Amino acid sequence: MKKHNGFRSNGAYALDATTTAMERMELYCAAHPGSPSAARRPRLFLRSHLWIALLGPSVEEGIVGIGKTVEAALRAFDAQYLAGLRPPAEALRRGLYNSTLNAA
């Protein structure tokens, strides 16, 4: 069978990699049911031997996790998602998130 850039002409390698990635994501989500990855199900991409978990229209505008494995990318995605939910430490020190100060 003829190969082209690491993929067979019938796309079998690409299909195998996609199926494997989907299975690994399902296993990760089953092991971490309360994680942002399990709740939001980011899209997975393989670019230059790195897995990218993306929620949003692009890497620039979305929440992204990058890793050498599917699991590493999902862990990085979870960390970035949760970091976006926390107010910045500097703002906390200045009281910007204190409800009694912002109630007026």
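Read-outs throughout are calculated quantities, based only on the coordinates presented, and are distinct from any laboratory measurement. As the structure is a computational prediction, the values presented were derived from the model and not from experiment. No Cβ is skipped: glycine too gets one built from the backbone with ideal geometry, and neighbour counts run over all protein chains shown.
Quick notes
- Compared with the direct C-alpha span, the chain from Thr69 to Ala39 gains 8.8 nm at full extension, assuming 0.36 nm per residue.
- Counting every other Cβ atom within 10 Å of each residue's Cβ, Leu15, Leu55 order from fewest to most as Leu15, Leu55.
- HN-Hα J in Hz across segment 45-56 - Karplus 6.51, -1.76, 1.60, θ = phi - 60°, x for Gly and Pro: 9, 10, 9, 6, 6, 10, 8, 10, 9, 10, 10, x
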